[in-house]
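Here's the structure, in structure tokens; my notes come after.
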Amino acid sequence: METAALLNESGATPTLIVRRPGIDWDLPPKPSTRLYELRRPHTGLGRGWPKRVLETHAEVVRPLPTHWRHHLLGSVLGPSGAFWLHDRVEPYVETRLGSQVESAEVSGDQVLLRVATSSGDAESLEFDHVIAATGYRFELDRLGLLHPDLRSRIATVEGYPHLSSHLETSVRGLYFTGLAAGGTFGPVMRFVCGTNFAAGRVASSISRRRKRERIAA
């Protein structure tokens, strides 16, 4: 949606194709008071005590069943529009709700999209350019920067590396942070605010290992 706003403001004529029947727009922040902060504390994931726990105590997610962990990863702060984009998109950008791209092919110097609607109708639309903002999920086997032999030694759960409480994989000394760690520690790993949790855990693990190695030497 931000890309659509920027394109419009640069003189292009974007069309936003949305699979959902509507856009979930974030609400602007309310004026904060001491009572409001106690009831709904501000966090890097938004407001509320559940999000505070997910941000500052991500370790509580790790013991949960796999489907719960992955549900949290995909549902907390899911697809939505930032409140400050609302007035830059809705009045100006053509938006096709409840629409699904079925196919794409080159047509001369344009791209021809076949788009189906929730009512079952379909139409062909031509565009100069297509930007796919369809999201993605982590899959270890697609991480080409790791040698296949190394990837095969890493224990996984539904494509995500299975991590220790200190974000270490089944391969000693190999750690994952960011989205790759989201399958173990939940949604905070998708955001920069998750570095507070991840950095401390990884650093303490490495520090203890080096201390043990010095004692053993």
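Read-outs throughout are calculated quantities, based only on the coordinates presented, and are distinct from any laboratory measurement. Because the structure is predicted, anything quoted here is derived from the model rather than measured. Neighbour counts are summed over all protein chains in view; Cβ atoms, including those assigned to glycine, are modelled from backbone coordinates with ideal geometry.
The figures follow:
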quantity	calculated
Within-12-Å neighbourhood charge of Pro187 [Cβ basis; K, R +1; D, E -1]	+2
Local electrostatic count at Ser99 - Lys and Arg +1, Asp and Glu -1, tallied over other residues with Cβ under 12 Å	0
For the stretch 104-158, with +1 on Lys and Arg beta carbons and -1 on Asp and Glu, the positive-most of Leu113, Ser124, Val157 along the dipole	Val157
Net charge dipole size for the chain [Lys, Arg +1 and Asp, Glu -1 on Cβ; Debye, nearest 20]	2060
Calculated [θ] (222 nm, deg cm²/dmol) that DSSP helices of n ≥ 4 give over the chain, each run adding -39,500 (n - 2.57)	-8500 deg cm²/dmol
Sparsely packed chymotrypsin sites (Phe, Trp or Tyr not before Pro) within the stretch 126-183, loop by DSSP, other Cβ within 10 Å at most 10	Tyr136
Cα-only Debye scattering, the stretch 1-119: base-10 log of I(q)/I(0) at q = 0.10, 0.13 Å⁻¹	-0.50, -0.77
Local net charge near Val60, Cβ-Cβ under 15 Å (Lys/Arg +1, Asp/Glu -1)	+3
At q = 0.10 Å⁻¹, base-10 log of I(q)/I(0) for the chain (Debye sum, equal scatterers on each alpha carbon)	-0.65
Contour minus Cα-Cα distance for Asp121 and Val157 (0.36 nm per residue)	9.1 nm
Length released on extending from Asp26 to Arg208, taking residue separation times 0.36 nm less the Cα-Cα span	61.3 nm
